[in-house]
Amino acid sequence: MGKPTGFLEVTRELPPKRPVQERLQDYKEYVHLYKEEQLNKQASRCMDCGVPFCHNGCPLGNVIPEFNDAVYEGNYQQAYEILISTNNFPEFTGRICPAPCESACVLGINQPPVAIEEIEKHIIEIAFDKGFVKAQKPTVRTGKKVAVIGSGPAGLAAAAELNYAGHTVTVFERDDAPGGLLRYGIPDFKLEKWVLDRRIALMEEEGIIFKCNANVGVNVSISDVLREHNAIVLAGGSTDPRDLKIPGRELNGVHFAMQFLKQQNKKVAGKDLFANGEVESNIFPTEISAANKNVIVIGGGDTGSDCVGTSNRQGARSVTQFELLPRPSAERTPFMPWPTYPMILKTTSSHEEGCEREWAVGTKEFISDGDGNLKALKIVSLEWKITEDGRPAQFIEIAGSERVLPCELALLAMGFVHPLHEGLLKQLDVELDERGNVKATTKSYQTNISKIFTAGDMRRGQSLVVWAINEGRECAAKVNEFIGVKESAFV
């Protein structure tokens, strides 16, 4: 490495954030960039490990020590070329990935790990700024056509790789703009949409065709798509939310998290929430606002955290987040050995902005004000039985712990059960696995219909953006094999 003693001389330092009261006034990203000297120092912390476990920790297998070394040496073009050899979209992962690579960092055994995610974001932003990022068009076209259904991270990755191979790629997106979860799931304060638009424009310049407001199986004929393409990649994500069917679920003020988050992202983009008439109205039965309300977010994951940050920006009176599971440990336990990804307590920037958090809580009832509106939640504390390997196994309600909390807006952020079955999947008659996902193995990514492949959350269930990109890349390779194209046309 460029500075073998860097990890002994420099401590981990993250870029500064905008003050809470300032960033709550808008939906812009809140993390500043390093100065060049700071970036150089942070890159110098990367050790010359005998075995760099960060490679294995990263689902994409990013070549992390090498790009860190290039950053330390100030060779940003080399750092960029190393980074994009494994990652199509480092501007996304550098902002919203939970960084399992850092959990596997060897330095992290007894010191804070290398700031890999921030370094990754800086490499791609410097590359764009310096003009290293250019459209890479295939030198020849194969004459083969591939349809990618869904433009989230898996679909975009598959489309990029298939286009590089020389195929003509058309991406079908049911929303009014491409990006899927990246556009209408991730709040702008974590990922401003100009970042996404910049990448989409580059992909269009490379020859990828995007068709929006194109809901295959609804307003686009499945038979036409099957007839006109040599292969199809299903990358529609896991979009059927887990519901909480308890008394009062029908009350005004109880909504799925994605209804709330998508609405706000559309508002930030200056779009009409009900522009698509009946279809959009089914998604947004009413305009949802947290302003001056007691908000309770049910679900302790990242989506719940995004609801917290959005509620605070909308001017909520109070924000509380519930988690069914017990409070995680603040540090690794014997059941979370390095270099595995530890399920430890995570405090996000949204939590820092103002939020009460409660663990081991069950929601019993949504309580009405008498006019069909939500006014409170009845909850109960839970006692969990922990298995010998440290996992919560089953719970009982603690007698006498029931209580009622004021709440005018409840957001269900409990994850997703599987992709939407109605429409596309039922009409295609593809096989589903025991969890309701599209059935395909990681060896082939191929469904029971030979020319139809699947990748991302639609195949593996809800997961991370970085896993979706990995699946899109791997699926594209299998589509190439199926079509019979062995050599890439990408130069």
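Among the trypsin sites (Lys or Arg not before Pro) within region 27-87, those in coil by DSSP and having at most 15 neighbouring Cβ atoms inside 10 Å are K28, K35. For the chain, the list of Cys residues with no other Cys C-beta under 4.7 Å reads C46, C49, C97, C105, C212, C307, C355, C407, C475.
Taking the centroid of alpha carbons for each part, region 396-460 and region 310-368 are 22 Å apart.
Between L432 and R141, the simple spin-label model (points 7 angstrom out along Cα→Cβ) gives 3.8 nm.
The charge dipole of the chain, taken about its Cα centre with unit charges on the Cβ of Lys, Arg, Asp and Glu (plus for the first two, minus for the last two), comes to roughly 360 debye.
Compared with the direct C-alpha span, the chain from K346 to K130 gains 74.3 nm at full extension, assuming 0.36 nm per residue. Positive contributions from Lys and Arg (+1) and negative ones from Asp and Glu (-1), summed over other residues with Cβ under 12 Å from the Cβ of L374, come out at -1. Straight-line cross-link reach from K478 at under 18 Å between alpha-carbon atoms covers these lysines, not counting any fewer than eight positions away in the same chain: K144, K145, K439, K443, K451, K486.
Peptides 99-108, 264-273 ranked from most to least packed by the mean count of surrounding Cβ atoms within 10 Å: 99-108, 264-273. For the pair W384 and R327, label points projected 7 Å from Cα toward Cβ lie 1.2 nm apart. With both labels modelled 7 Å from their Cα along Cα-to-Cβ, the I398 to N448 distance reads 4.8 nm. In terms of Cα to Cα distance under 18 Å, which lysines are near enough to K41, apart from those fewer than 8 places away along the same chain? Output for K41: K3, K121. Dipole check for region 243-414: with +1 at the C-beta of Lys and Arg, -1 at the C-beta of Asp and Glu, and the Cα centre as origin, the magnitude is about 180 Debye. For the pair E36 and L202, a Förster radius of 30 Å applied to the C-beta separation gives a FRET efficiency near 0.75, rounded to the nearest 0.05.
Size descriptors for region 243-414 (Cα atoms only): Rg and Dmax, in that order, 17.5, 54 Å. On full extension, the segment bounded by E73 and E22 gains 14.8 nm, given 0.36 nm per residue less the C-alpha separation.
Just so you know, all these numbers are worked out from the coordinates, no wet-lab data involved. Since we're looking at a predicted model, the values are computed, not measured. Reconstructed Cβ throughout: ideal geometry from the backbone, glycine too, with neighbour counts over all protein chains shown.
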